[in-house]
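Inspection log for the structure reproduced underneath, given as structure tokens.
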Amino acid sequence: MPDVYNWQLGRPMTYRFREAHPKWQFAAVFNINRCIACQTCTMACKSTWTFSEGQEHMWWNNVETKPYGGYPHHWDVNTLKLLDKADPGGQKWDGRTATPAAPYGQFTGKTIFEAAAALGKTDEAIGYLPTDDEWTAPNIFEDTPRNRRESELQATSLPEHRTWFFYLQRICNHCTYPACLAACPRNAIYKRPEDGIVLIDEQRCRGYRKCVEQCPYKKPMFRSTTRVSEKCIACYPRIEGTDPISEGEPMETRCMSACVGKIRLQGLIEVGADGRWAVNPDNPLYYMVREEQVALPLYPQFGTEPNIYYIPPRWVPRPYLHQMFGPGADAAIERYAAPSRRLQAVLQLFRTTQRIVHRFEVVNGHKIGEMNVAGKTMELFNDTVVGFDRNGKEIVRQSVMEPLHDRGPKYLNTI
Amino acid sequence: MMSRRVPSRGFAAGLAIVLAAAVVAATTGFLGVMPASSQAQVVQVRAAPSVPRDDPFAAFWNNVQPVDVALSAQNITRPMGGGTVAAVQLRAAHDGKRLYILSEWSDATQDAAIDTTTSFTDAAAVEFPAAGTTRIPSFCMGDPGAGVNIWHWKAAWQRDVDSGFATNRARYANMQVDLYPQDGDTTFQTGLAAGNPLSAQKHGSPVENLVAAQFGTLTNADVQDVGGVGRWKDGRWRVLFVRSLAGAEGSPSFAPGGKTNAAFAVWNGSDGQRDGIKSVSQFVDLQISGEKIVRKPSSFAPAIIAFAGIVGGLAVIAVFGVFAERRKRV
Ligand code: SF4
Ligand code: SF4
Ligand code: SF4
């Protein structure tokens, strides 16, 4: 089996196919700190793609309460357990070796592909098929915190809350090395060379459910009315600019553009011929993921190189975050809690336009205040971030300070 | 436009198949499992004036000598597995127009639903070299130079044919849904809209006609002309495959006096078996002859004769007795 380079693990790993990368990669940053679990994203997807018979259990986008919630139930714990069985005590990172090609250091444990080999499995990856029960109650354990008994409650204070939960927003990660694609014996799953979107060929699928079994994120789902599997399609007509309202320009997906909490920013990352991300610090996603490293992949140790990146929740005990986002979690929180001037400006881009922002610029503004963050003074500036589309056309302009409109006494108590 | 990433094909793949086949042959030999070899096993296809098409358990088949063909797990390509059914018992016949193949095996459960993420259907298949092949293809789904034709019976399709297409609504009868917007518009039954034969809700037959020329290339054939029926009784499946001896264009055709290779496979749905996870044979010979199937004398005949004799004897005694009685009275 060939070796491919997984930058999130900082090392090569085995995969069924040799490296072949798309020109652009669908990617997004989700800021967990801001999510209010309104499920507008969930319903945006449902009402666009999965409202028909046979799709009752399908939530291509779901938002679950961690640590207990999960859809399907316990999907992550189940996979982590299988990994632990394949590599007892060995699922570790060597964070000392961080380099630009290995920004989180090196993962020395086993991926889902390597674990299958270690367990002597004849499958591409470890996995399991969730039962119907596990696909029910998609928001099970909603708002259920850890340490919720009265004896365990304490006044909350940063950096880590003792009683805590957070919302995890999940869609298909349109992985660089998709396990679903590797698992399909018919090659009915493909990754598009133009945008890296991973799709199931609905005509060739024979309903074997190997993708459902081996996707560690459990995002392909089986449909009993068509007897084949379906998954998130990254709203590809919008990415292609073929959705009528996109006027030919790439547009963010339904779940992204509907986000009420303004937690999501989605775009396309340019990928070089060698598979590395083309250096582009003026692309907001590149900037947050690779430059600031404030957004991290979900369970990178699974080894699929997922392309949805998360700004980890500030208040959550770090060991939990290390397990979920790898060793980059501490630095990411530090940078998010006291953002640089540039990051502060880029964070304003979230949900200001449905168009995909390919490039941004920051126009400096005046100082508006100072804050104390973890004993350090942080200055705040009213900078303005300007977003441009792929043709260089300005599509959005947003300042750090929200513009203030005074309605005046004449309009008091009027609507 | 969209394109697929596929494994490299051609020479390397062919070589891999040959090597894999050699490995399997060596391993099964080592384990003492005697796979069905085309030299050793012949399934005779004899003629009969008519063959019952609807009932695989029809008494007709008692006249046909069964042949046990050994099955083993599919261990050549991923996903691997199966091997839970040790053998299929085969019978075959023709009526001058159609070929009938009856495959029988034991299975404690009937798995005919594909209505949840974890439910898989029982199934059986027969594989032949594709039409026009000049050499024997790899028995493992054929190879790029020599393809195969596969007849695939599914218990789920049998259920569709017998009692209509079933979804999870049958299992969860109390499922409550406010409404399905655009209900009835097949655009949103994606597999169906894409023309996937697996998503079709009506089947002319429980047997799907397929072609393949390497692992991963299995494709629904242009002509769906294989009929059949499968029934389960007392822990055994019997599946009858029926097709005209002269196949449609592009399909292999059979004729009395001819010989073809055939391989067999079965899947146990409740074991999660599907695709390559199956119990599979190697090629055996199907010898299609003009010879007639000889009807065995009915096994009831001696009993009937004995019974008739007893009844007859008793009648004679009774008549005799009546006459004797009358005489006394006179
Ligand atoms: S998240 Fe799962 S379904 Fe999506 S690309 Fe990755 S492996 Fe495939
Ligand atoms: S990207 Fe589109 S298809 Fe995928 S989860 Fe979001 S709304 Fe659904
Ligand atoms: S719409 Fe945004 S804020 Fe609401 S649940 Fe989804 S991700 Fe969270």
For labels at residue A:367 and residue A:94 in the simple 7 Å Cα→Cβ model, what's the distance in nm? 4.5 nm
Rounded to the nearest Å, the spacing of the alpha-carbon centers of the range A:38-111 and the range A:323-392 is 26 Å
Residue A:274-residue B:202 pseudo-label distance in nm [points 7 Å out on the Cα-to-Cβ vector]: 5.9 nm
Mind checking which of A:237, A:197, A:168 is farthest towards the positive end of the range A:146-275's charge dipole, using Cβ charges of +1 (Lys, Arg) and -1 (Asp, Glu) about the Cα centre? A:168
Setting aside same-chain residues fewer than 8 positions from residue A:367, which lysines have a Cα under 20 Å from its Cα? A:376
Length gained, residue A:3-residue A:282, 0.36 nm per residue minus C-alpha separation, equals 97.3 nm
With r defined as the distance between the Cβ atoms of residue A:337 and residue A:43 and R0 fixed at 30 Å, what FRET efficiency is calculated, to the nearest 0.05? 0.45
Anisotropy class of the protein assembly as shown from Cα gyration tensor, a/c 1.5 cut: prolate
Which angle between 0 and 90 degrees, to the nearest 10, do you get for helix A:75-86 versus the longest principal axis of chain A when only C-alpha atoms count? 50 degrees
Let me know the mean shielding of A:46-57 by other chains, meaning the per-residue number of their Cβ atoms within 10 Å of its Cβ. 5
Tell me, what is the 1.4 Å probe accessible area of residue A:60, in Å² to the nearest 10? 20 Å²
Label chain A by shape, choosing from rounded, prolate and oblate, from the square roots a ≥ b ≥ c of the eigenvalues of the Cα gyration tensor; if a/c is under 1.5 it is rounded, and otherwise prolate applies when a/b is larger than b/c, oblate when it is not. rounded
What accessible area, in Å² to the nearest ten, does a 1.4 Å probe give for residue B:172? 90 Å²
Stretched out fully, how many nm does the piece from residue A:412 to residue A:247 gain, at 0.36 nm a residue minus the Cα gap? 55.4 nm
Cα gyration tensor shape for the range A:344-399, rounded if a/c is under 1.5, else prolate or oblate: prolate
Quick tally, 1.4 Å probe accessible area for A:210, A:23, sorted with the most first, runs A:23, A:210
A correct Kirkwood calculation over the Cα atoms of the range A:165-237 returns a hydrodynamic radius in Å of 12.5 Å
Antiparallel versus total DSSP beta bridges in the protein assembly as shown: what percent is that, nearest 5? 90 percent
With 13 Å as the cut-off, how large is the P(r) tail for the range B:90-148, expressed as percent of Cα-Cα pairs? 73 percent
Among all the lysines, which ones have a C-alpha under 22 Å from residue A:85's C-alpha, if same-chain residues fewer than 8 places away are not counted? A:110, A:121, A:210, A:218
In whole angstrom, the spacing between the Cα centers of the range A:393-415 and the range B:198-270 equals 70 Å
Probe 1.4 Å, all protein chains present, accessible-area order of A:38, A:259, largest first: A:38, A:259
Note to self, chain A gives a 222 nm [θ] from helices alone (DSSP H runs n ≥ 4, -39500 (n - 2.57) apiece, / all residues, nearest 500) of -4500 deg cm²/dmol
With a 1.4 Å probe and all protein chains kept in place, how do A:73, B:94, A:21, A:366 rank by accessible area, largest first? A:366, A:21, A:73, B:94
Quick one: among A:349, A:199, A:119, which has the greatest mean-square fluctuation in a GNM of chain A with alpha-carbon springs under 10 angstrom? A:119
Can you give me the long-range amide H partners of residue A:381? Hydrogens built in the peptide plane at 1.01 Å from N, cutoff under 5 Å, separation of 5 or more residues or another chain. A:368
Cβ-derived FRET efficiency at R0 41 Å, residue B:185 paired with residue B:294, nearest 0.05: 0.10
Which value in nm describes the separation of the simple spin-label points at residue B:55 and residue A:77, placed 7 Å from the Cα toward the beta carbon? 5.5 nm
Under 9 Å, Cβ to Cβ, from residue B:82 - net charge with Lys/Arg +1 and Asp/Glu -1: 0
Calculated FRET efficiency for the pair residue B:97/residue A:323, C-beta based, R₀ 60 Å, to 0.05: 0.35
Tabulate in residue order the Karplus-calculated ³J(HN,Hα) for the range A:174-186, using 6.51 cos²θ - 1.76 cosθ + 1.60 with θ = phi - 60°, rounded to whole Hz; enter x for Gly and Pro. 6, 4, 5, 10, x, 6, 4, 5, 5, 6, 6, x, 9
Select from A:85, A:46, A:110 the residue whose mean-square fluctuation is largest in a Gaussian network model of chain A (Cα-Cα springs shorter than 10 Å). A:85
For the range B:171-276, what log10 I(q)/I(0) values come out of the Debye formula at q = 0.11, 0.18, 0.21, 0.23 1/Å, with one point per alpha carbon and no solvent? -0.56, -1.23, -1.41, -1.48
Test of the criteria: in the range A:105-205, which chymotrypsin sites (Phe, Trp or Tyr not before Pro) are in a DSSP loop and have at most 14 other Cβ atoms within 10 angstrom of their Cβ? none
Pick from A:122, A:352, A:65: which residue has the top mean-square fluctuation in a GNM of chain A where Cα pairs under 10 Å get a spring? A:122
Quote the accessible area belonging to residue B:162 in square angstrom, nearest 10, computed with a 1.4 Å probe and with ligands, DNA and RNA left uncounted. 80 Å²
Could you list the trypsin sites (Lys or Arg not before Pro) in the range A:352-415 that lie in coil according to DSSP, counting only those with at most 14 other Cβ atoms within 10 Å of their Cβ? A:393, A:407
Checking an interface number: how much accessible area is buried between A and B, summed over both chains, with a 1.4 Å probe, in Å² rounded to 100? 4600 Å²
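The values are calculated or read from the model by the stated rules, or taken from the named source; none is laboratory data. Not measured: the values here are computed from a predicted model. Here the Cβ is made from the backbone with ideal geometry for all residues, glycine too, and neighbour counts use every protein chain on show. Just so you know, the surface numbers come from the protein's heavy atoms only, side chains and all, with ligands and any DNA or RNA stripped out. Shrake-Rupley method; radii C 1.70, N 1.55, O 1.52, S 1.80 Å.
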